[in-house]
Every structure is written in structure tokens, then in C-alpha cells.
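FYI, it's all coordinate maths here, none of it is from the lab. Being a predicted model, the structure only gives us computed values, none of them experimental. Please note: Cβ atoms are built from the backbone with ideal geometry, for glycine as well, and neighbour counts cover all protein chains shown.
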Amino acid sequence: MRKFAAFACGTGAGFAAYYFQKLRDPLQVVHNSWTNSERHISECALWDSNWDFRDPKSLARPMKNDKPQEQNRYNADLEKNTSKYARHIILIRHGEYLDVGETDETHHLTDRGRLQAKYTGKRLHELGIKWDKVIASNMVRAQETAEIILDEIDFDKTKVKSCSYLREGAPIPPQPPVGHWKPEASQFFRDGARIEAAFRRYFHRALPDQEKESYTLIVGHGNVIRYFVCRALQFPAEGWLRININHASITWLTISPSGNVSIKYLGDTGFIPAKHLTNRIPREAKNVV
């Protein structure tokens, strides 16, 4: 009996020591997933449903009392200010261009850039979208890209709008900072306000009287598009430079009647042959005067 007890105690002690050591080994510890539902949600991860200041509850006149008449009036206000259809915003980056000369007037598309734009136009045509609006940055490379795309899609060229707010620029100091691109603080101050104004102009839920889903095509620039994506999805805007999109790529964002925003395409260029894919100015022509 004593031998059995000693054997049992020894075995138990051995197992206890073994498991204690395993638990102390950080490589063997099973941690709770960081996605565990019990984890506190960061404030920056919470969705702001009134990001465009068009939430019906923010537009309806508050109730003065609990009387049925006042409740009916308030409900009517909510209905009057509620969107009913989605807005689709399709963002196109311009094609490859030459950074030749000191002004925008000399920054024309390369032959490859023109071909990229043609592929994008054909892809948009294949999607069979009936466009409600087409807007392009007034910079030369965006205007030329838009002209080529318009040759492929069904839209009246006389109705195309040019917008200086969509011009390329430095939207906000990126995080993490990068060594190869360091605009002056004054440039961020100037461009950032303009690009944010462009976002507020074009990104919002549909007006209550919109009678169908709408499709807006915007031809613009890489920095602006990446900033728009971060702002629309309520990601930290400082992370815009972590995203890379090719020339003539398609980015598709949808704003639902509730104000929720989803992304369908991000920098899609799967329709362009691989040999024609680019995302930067050709090195041999960069800053050529």
C-alpha cells in the first residue's frame, strides 16, 4: 500500500511539474483571439452613422412632447428626410503620364497610359452601367483619361463636369512616414482642406427624393482616391499611403440609404494585360524639364 501511495504521489508530482512548465512556456500558451467578442472595441472602430450629417434623426425636428400628434409629426419628418436608394461612386485613377516640364499643361498621358484608359473604358462599358454623372479632375492627365473612357461608355460628353477640388495633392501626413516623399507642412494644409472638401461634396447618402440607385463616375488621382477610401470606410485617414492602386484602376464604393459604406473594388486592374500595368511615373521621364 505504501509503495502504491508513493508511486501515485510521484506520478502526480511529475505530471504537475510537466504541465506547470508547459503553461509557463509562452510559445505553448493558447491565448484568446484578439477578435474575441468580449474584447473592448476601440473607439476608432465604431461606425459613425451620421458621418455625412444626413441621418434622418439629425434632420428631423425633435419632439416637444409625447402626444400622438407630435409623434406623428416627428415620424413624418423622419420619413421626409430618409434616403431610399443607394449611391454608387466609381473612382478611376488616370493613366500613366510623363512628368515633363514644370506645369500641369505638359503632363500628358503616355501611349501606354492611353491604352490603359481604353481598357478601363471597355471594362466600364461591359459592366453596362447607366451613368448619372461623370466628373473629372481638371488636371491634364485626368482630362485625357476621361476623354478616352467617354469614347467607350454611354454618356453625353457635354454633361461631363470638371472639378478643381479633385486635383492631385497631399491630403494628410501619412502614418507611418515615408522617406522618399515629404511635402512641406504648408502643402498638407493647403491640399488637405481642398481634398476634404471634395470628399464632402461627392460622398454622402442619397437625397430623399432620389428615385433609383445612382452611379457617379469620378476620374481623379491616386492620393485623392486613397484618401477618399479611408474616409468613406472610416479608417484612419493617415493610413492612405499604405494602399497602392494602379494607373487606370477602378475603385467602387457604395453608400447605402442607411449611410453604411461598402467597397466592391479597390484598385481593380484585372482587365488590363499584365504587361501594361503601372503605378508610378516612368523613371526615365520623371521630373524632366
- Query: Contour minus end-to-end for L127 and I41, with contour as 0.36 nm per residue of separation and end-to-end as the Cα-Cα distance?
  - Reply: 27.1 nm
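Please label the shape of segment 72-196 as rounded, prolate or oblate, based on the square roots a ≥ b ≥ c of the eigenvalues of the alpha-carbon gyration tensor (a/c under 1.5 means rounded; beyond that, a/b larger than b/c means prolate, else oblate).
Cα axes put segment 72-196 in the oblate bin.
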- Message: As an exercise, use a Förster radius of 22 Å and the Cβ-Cβ distance of E184 and D104 to find the FRET efficiency, rounded to the nearest 0.05.
- Response: 0.70
- Item | Over 22 Å between alpha carbons, listed pairs K161/K275; K133/K157; K118/K275; K80/K264; K130/K157 | K161/K275; K80/K264
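Where does segment 87-285 land on the Kirkwood hydrodynamic radius, alpha-carbon pairs, in angstrom?
17.1 Å
Using 0.36 nm times the number of residues separating M63 and K84, minus their current alpha carbon distance, what extension gain do you get?
Result for the pair: 5.2 nm of gain on full extension.
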- Query: Among 146-153, 238-245, what's the highest-first ranking by average C-beta atoms within 10 angstrom per residue?
  - Reply: 146-153, 238-245
- Under the Karplus relation with 6.51, -1.76 and 1.60 and θ = phi - 60°, whole-Hz ³J(HN,Hα) for segment 153-167, x at Gly and Pro, equal 9, 8, 7, 5, 4, 6, 9, 5, 9, 9, 9, 6, 5, 8, 4
- Note on the structure: Here, trypsin sites (Lys or Arg not before Pro) of segment 62-94 satisfying both criteria (DSSP loop; at most 11 other Cβ within 10 Å) are K64
- Query: Ranked highest first by the average count of other Cβ atoms within 10 Å around their residues, in what order do 173-185, 125-137 fall?
  - Reply: 125-137, 173-185
